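Asks: Below is the structure I would like to discuss, written out as structure tokens.
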Amino acid sequence: MFALLLSAALFATPPVCPADSPWAFQQERKRMVQRQIEARGVSDAAVLRAICAVPRHKFVPDFPAEAAYQDRPLPIGHDQTISQPYIVAHMTALVRPDSTDRALEIGTGSGYQAAVLSEVVDSVYTVEIIPELAQRATRRLDQLGYDNVRIKTGDGYQGWKAHAPYDVIVVTAAPEQIPSPLIRQLKEGGRMVIPVGPSGQSQQLMLVTKKNGQVKRRKIAPVRFVPFLDSP
């Protein structure tokens, strides 16, 4: 989904980009992390390792592999895009994912954000309203071995109640208001990152937290995402 943001590790810590990745273009991922993500303030080591681990070029097979590691979104069909690497890393870091977390993603798109989350959390449930994209992402994630990701074709506004509550919710399209079902499905102590605002205009990336039954919303930065789609 399209999103364009406007705008000393301990020696015992594993390297952010290990040299033994099974995927090609490891050096491109390493440069991407250093120049596009770390340099812009993302410091969560688990998130950085996840970005290094996921072969982004596999999620945009219609483009030269080198294009996948540039600091820009790319179209994936159906008027949707894969977000620029920085925004994926930034949004993932904002929800502070943990290895025991259950995550919900709204807007599967290419499957890239789900793959990044799957490297950090226990399980990922992701909802895509466009059947062709959901099918394509399912095949791709299966082929790449991401077996802790489950995909459903459906209306993301309703979330995925069967597996709620979620520790983490990441929304990759912009509704005009935060959907109330997603707030209800957010676990006590959970974190949700979501762009909010009208289509075609600057929106606000929001961090939503729930503590002691109280929901708090914090503005993070102006962004521009594709609009949240309604069910046909």
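Asks: Kindly evaluate A114 against the criterion of being within 18 Å of L94 (Cα to Cα) and not hydroxyl-bearing (S, T, Y). Can you show your working first?
Replies: Details: within 18 Å of L94 (Cα to Cα): yes; not hydroxyl-bearing (S, T, Y): yes.
Answer is yes for this residue.
Asks: If I filter segment 17-34 for residues that are modelled with pLDDT under 95, surrounded by 14 or more Cβ atoms within 10 Å (Cβ to Cβ) and of a type in the set (D, E), do I get at least one hit?
Replies: Among the residues of segment 17-34, at least one is modelled with pLDDT under 95, surrounded by 14 or more Cβ atoms within 10 Å (Cβ to Cβ) and of a type in the set (D, E), which makes the answer yes.
Asks: Here's something else I'd like to know. Identify all residues within segment 78-110 that are in contact with a helix residue (DSSP H, G or I) (Cβ under 7 Å, 6 or more places away or on another chain), polar (S, T, N, Q) and under 14 Å from A50 (Cβ atoms); write none if there are none.
Replies: Once the filter is applied, which keeps residues that are in contact with a helix residue (DSSP H, G or I) (Cβ under 7 Å, 6 or more places away or on another chain), polar (S, T, N, Q) and under 14 Å from A50 (Cβ atoms), segment 78-110 yields only T92.
Asks: Also: Of everything in segment 135-150, what is surrounded by 13 or more Cβ atoms within 10 Å (Cβ to Cβ) and not in a strand (DSSP E or B)? Give them in sequence order. Before the answer, list the steps.
Replies: Filtering segment 135-150 down to residues surrounded by 13 or more Cβ atoms within 10 Å (Cβ to Cβ) leaves 135-138, 140-142, 144, 146, 148-150.
Residues satisfying the conditions are Q135, R136, A137, T138, R140, L141, D142, L144, Y146, N148.
Asks: Identify the single condition in (1) farther than 19 Å from Q204 by Cα; (2) surrounded by fewer than 21 Cβ atoms within 10 Å (Cβ to Cβ); (3) touching a Phe, Trp or Tyr at 6+ places or on another chain (Cβ under 8 Å) that S99 does not satisfy, given that it satisfies every other one.
Replies: (3)
Asks: Another question, if that's okay. Would you mind finding the one in V121, V168 that is in a loop (DSSP other than H, G, I, E, B) and under 16 Å from the mean Cα position of the chain (by Cα)?
Replies: Values: V168 fails: in a loop (DSSP other than H, G, I, E, B).
Unique residue meeting the criteria: V121.
Asks: Checking A93 against (1) within 17 Å of T172 (Cα to Cα); (2) among the small types (G, A, S); (3) in contact with a Pro (Cβ under 8 Å, 6 or more places away or on another chain), which test does it fail?
Replies: (3)
Asks: In segment 187-208, which residues are more than 22 Å from S83 (Cα to Cα) and either touching a Pro at 6+ places or on another chain (Cβ under 9 Å) or crowded, with 16+ Cβ neighbours inside 10 Å (or both)? Give the steps one after another, and end with the answer.
Replies: Pass one, segment 187-208, residues more than 22 Å from S83 (Cα to Cα): 187-190.
Matches in segment 187-208: K187, E188, G190.
Asks: Restricting attention to strands (runs of 3 or more DSSP E) lying wholly within segment 177-225, give those where 3 or more residues are under 19 Å from the mean Cα position of the chain (by Cα) and at pLDDT below 95. Even if it seems obvious, please write down each step before you answer.
Replies: Numbers: elements: 186-196, 203-211, 214-225.
Correct list: 214-225.
The values are calculated or read from the model by the stated rules, or taken from the named source; none is laboratory data. In this text, all values refer to a predicted model and were calculated from it rather than measured experimentally. Reconstructed Cβ throughout: ideal geometry from the backbone, glycine too, with neighbour counts over all protein chains shown.
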